[in-house]
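The values are calculated or read from the model by the stated rules, or taken from the named source; none is laboratory data. Predicted, not measured: the structure shown is a model, and the values here were computed from it. Cβ coordinates were reconstructed from backbone atoms using ideal geometry, including for glycine residues, and neighbour counts include every protein chain displayed.
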Ligand SMILES: NC(=O)c1ccc[n+]([C@@H]2O[C@H](COP(=O)([O-])OP(=O)(O)OC[C@H]3O[C@@H](n4cnc5c(N)ncnc54)[C@H](OP(=O)(O)O)[C@@H]3O)[C@@H](O)[C@H]2O)c1
C-alpha cells in the first residue's frame, strides 16, 4: 500500500524519522506498507513537493547543512502543500506534523492538523501543542472526516503511553497521574547532584537536540505543563490548556536544594500531576523532594516515568530509561503503521 507522507517541520525529529523509515524498511515491507515522502515544509529552509516521491534522506542532509533543494512553493508553503497532499490520488495520505512547540496557542500546528483532516489526510504528530490546546475539537474533526489523529510522540517520546491506554485498557477510568516527563530538566537535576553547573548540563541537552528550540520552555516547566494538559485532555476528558496548569520550573539557584536533598538520601524531581477532586481536575508541575525508592525518585538523566492511577488496574507505572530523538521518531513510525494497518483492514474504528 502506497502511503504519501507530507512532513511539515523537518528539524531534529522529522529528519530522524525519514532515516528511521529506511532503517525499518523490512518491517514496513513485511506489512505491505510503502511510505513515499511527497513533500517537506520548513519555516526558514524552504519547502519541496514532488508527487512521485522525494529522496527524503538527501533532503535531510541538505537541511542539516543549511539548504533545501528547490524553491519555496508559496508564501504559505505549509498550507499550500497540505492542499496538494489532499489532491493526491494515493491510497493513504498522511501529514507528519513536527513543527516547533508553541506553548501559548499550539499554532501553527493546530491549523496544520485541522487543514490536513479537512483535506482527507490522516495526521501523525510529535507536537504536543495541538493536543494540549485543542484535543477535543481535533478528535471530533478527525472522527467526522473518518481519519486518524495520532500523537504518540507528544509525551515520553516513543514509549507507549497514549496507545497503551487506548488499546490495552478498555473501560478503565484514569483517576489521575504523576510523572517525570521532561528529559532536559531531569538531566539537569541529575547533573547538579554531581556538582555540575546548570548551564553546562542544559547546553548538553541543546547540543543533543533534546531541549526545545527555546530551552526556557523546558526549564520554566512549560513543556511539562503542555504534557500534563495533553494527558489530562485525552485521559480525563479535561478541557484545559498549559496555562491552566499550576507551574514551577527549575533554575541554577536550585543547586542548594538539590544538594540538601541528596544529603538526606533523597532527590529533587520536577513532577507533573493531575488528579480528580470534588472541585474538578487539578493539575500542576513542580519541584518535589522524593525518596529514591519512589518510581519517580530513582530516575537518572534523560529517564522519564509516568504513574497512571486507574479505577480497575490501580497504579500502573511505565518507565523510559533511555530518552532520545530516535525514540520520538519511532513514535511517528508506530503511528504510521497504525494508520496504514487500520486503512488496509478497511475498518474504520472511529476516534478510539
Ligand atoms: N526533540 C525531541 O527530543 C522531541 C521529543 C518529543 C517531542 N518533540 C516535539 O517535536 C517537535 C519537533 O521537535 P524538533 O526537535 O524536531 O524541533 P526543531 O529541530 O526545532 O525543528 C522544528 C522544525 O519545524 C519547522 N517549523 C517551525 N515553524 C514552522 C512553520 N510555521 N511551518 C513550517 N515549518 C515550521 C522548522 O523549520 P526551520 O528550521 O526552517 O525554522 C524546523 O524544521 C516539537 O513540537 C517538539 O516539541 C521533540
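Annotations for the structure displayed:
- Scanning the range 104-122 for residues that are touching a residue at least 40 places away in the same chain (Cβ under 8 Å) and surrounded by fewer than 24 Cβ atoms within 10 Å (Cβ to Cβ) yields a total of 1.
- Within the set 290, 336, 299, 306, the sole residue that is crowded, with 17+ Cβ neighbours inside 10 Å, touching a strand residue (DSSP E or B) at 6+ places or on another chain (Cβ under 8 Å) and in the same structural domain as residue 123 (by TED's automatic domain parsing) turns out to be 336.
- Answer residue from the range 206-220, given it is in contact with a helix residue (DSSP H, G or I) (Cβ under 7 Å, 6 or more places away or on another chain) and touching a residue at least 60 places away in the same chain (Cβ under 8 Å) and is farthest from the ligand (Cβ to nearest atom) among those: 217
- Of residues in the range 23-36 being closer than 16 Å to residue 57 by Cα and touching a residue at least 60 places away in the same chain (Cβ under 8 Å), the one surrounded by the most Cβ atoms within 10 Å (Cβ to Cβ): 35
Residue by residue, here is whether (1) within 11 Å of the ligand (Cβ to nearest atom); (2) assigned to a helix (DSSP H, G or I); (3) crowded, with 19+ Cβ neighbours inside 10 Å holds:
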site: 5; (1), (2), (3): no, no, yes
site: 21; (1), (2), (3): no, yes, yes
site: 38; (1), (2), (3): no, no, yes
site: 51; (1), (2), (3): no, no, no
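- The lone exception for residue 59 - which of (1) within 13 Å of the ligand (Cβ to nearest atom); (2) without any contact (Cβ under 8 Å) to a residue 40 or more places away in the chain; (3) surrounded by 14 or more Cβ atoms within 10 Å (Cβ to Cβ) it fails: (2)
- Selection status of residue 228, farther than 26 Å from residue 325 by Cβ, touching a strand residue (DSSP E or B) at 6+ places or on another chain (Cβ under 7 Å) and crowded, with 18+ Cβ neighbours inside 10 Å: no
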